[in-house]
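The values are calculated or read from the model by the stated rules, or taken from the named source; none is laboratory data. Keep in mind the model is a prediction, meaning the values are calculated, not measured. Here the Cβ positions follow ideal geometry from the backbone for every residue, glycine too, while neighbour counts run over all protein chains shown. Remember, those area values only see protein heavy atoms, side chains included, never the ligands or the DNA or RNA. Shrake-Rupley method; radii C 1.70, N 1.55, O 1.52, S 1.80 Å.
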Amino acid sequence: MKQLVILLIAFATFSCTNAQKTEKQNFSKEALSEKLLSVEESQITFKDILKKYKGKTLVIEVWASWCGDCVKAMPKLKELQANNPYVSYLFISADKTAEKWKAGIEKHELKGDHYMMNDGMKGLFGKAIDLDWIPRYIIIDKTGKIVLYRAIETDFEKINETLKSLK
């Protein structure tokens with residue numbers, strides 16, 4: 001009985017901690033100030049990237065060309081894009097080299113804007129957005145508020161519902 005109580009307390013603690021990470025209204029100052037690499041090979045802050053989408057609904061996908069789950073989710077992503085043409089799409093890569101990143105964009109015919117983290121998943125930007133899995137989806141509404149902070153490839157129903165609620 002004592003072990004069951006301890007197990008329940010541990011589960012409740014973990015669930016509450018995880019729940020806090022799934023809900024967020026704005027990006028941290030660290031995330032906003034972090035620079036990402038553009039396909040033109042210039043550096044731009046995440047804050048300046050987000051300014052381009054002011055007044056638009058935005059889906060951000062954090063992915064990598066080497067990620068099997070990312071590739072597996074691409075047909076669902078393309079379906080999402082076809083069903084939601086009013087939404088903007090921003091792809092942020094965790095690839096290790098710009099060559100592999102750009103080859104992945106071309107190979108998978110990813111439609112949207114593309115940037116790459118300078119230091120991979122576990123780097124400063126990854127930590128600033130609580131990145132623990134890819135693909136990772138974040139949805140921002142027209143007011144710039146984060147409405148879905150953490151969704152993964154198994155959450156497309158949740159992603160679709162969130163986008164429908166924003167129409």
Next on the checklist: Tell me whether segment 20-98 comes out rounded, prolate or oblate; compute the Cα gyration tensor, take square roots of the eigenvalues as a ≥ b ≥ c, and use a/c under 1.5 as the rounded threshold.
Outcome noted: rounded
Next on the checklist: Ordering Lys142, Lys111 by accessible area with a probe of 1.4 Å, largest first, what comes out?
Outcome noted: Lys111, Lys142
Checklist outcome for this item: Counting Lys and Arg as +1 and Asp and Glu as -1 over every other residue whose Cβ sits under 14 Å from the Cβ of Leu166, the net charge comes to +4
Checklist entry - Fully extended, how many nm does the chain gain between Val39 and Ser165 (0.36 nm per residue separation, minus their Cα-Cα distance)? => result 42.2 nm
Next on the checklist: For a quick check: with amide H placed at 1.01 Å from N, whose amide H comes under 5 Å from Leu148's, ignoring anything fewer than 5 positions away on the same chain?
Outcome noted: Ile139
Checklist entry - Thinking of segment 23-167 as a set of Cα atoms, what percent of all their pairs are more than 22 Å apart? => result 32 percent
Checklist entry - Where in the chain are the DSSP H helices whose C-alpha atoms run 20 Å or more along the long axis and whose mean Kyte hydropathy is at least 0.5? => result 2-22
Item to check | Environment charge at Thr143 (Cβ cut-off 12 Å; Lys +1, Arg +1, Asp -1, Glu -1) | outcome: +3
Checklist outcome for this item: For the chain, averaging the sequence separation of alpha carbon pairs under 8 Å that lie six or more residues apart and dividing by its residue count, the contact order in percent is 29 percent
Checklist entry - Ser33 accessible area, nearest 10 Å², 1.4 Å probe? => result 80 Å²
Checklist entry - Among Ile159, Gln25, Phe125, whose Cα sits farthest toward the positive end of the charge dipole of the chain (+1 at Cβ of Lys/Arg, -1 at Cβ of Asp/Glu, about the Cα centre)? => result Gln25
Next on the checklist: Could you put Trp101, Trp133 in order of accessible surface area, largest first, with the 1.4 Å probe and the full protein assembly present?
Outcome noted: Trp133, Trp101
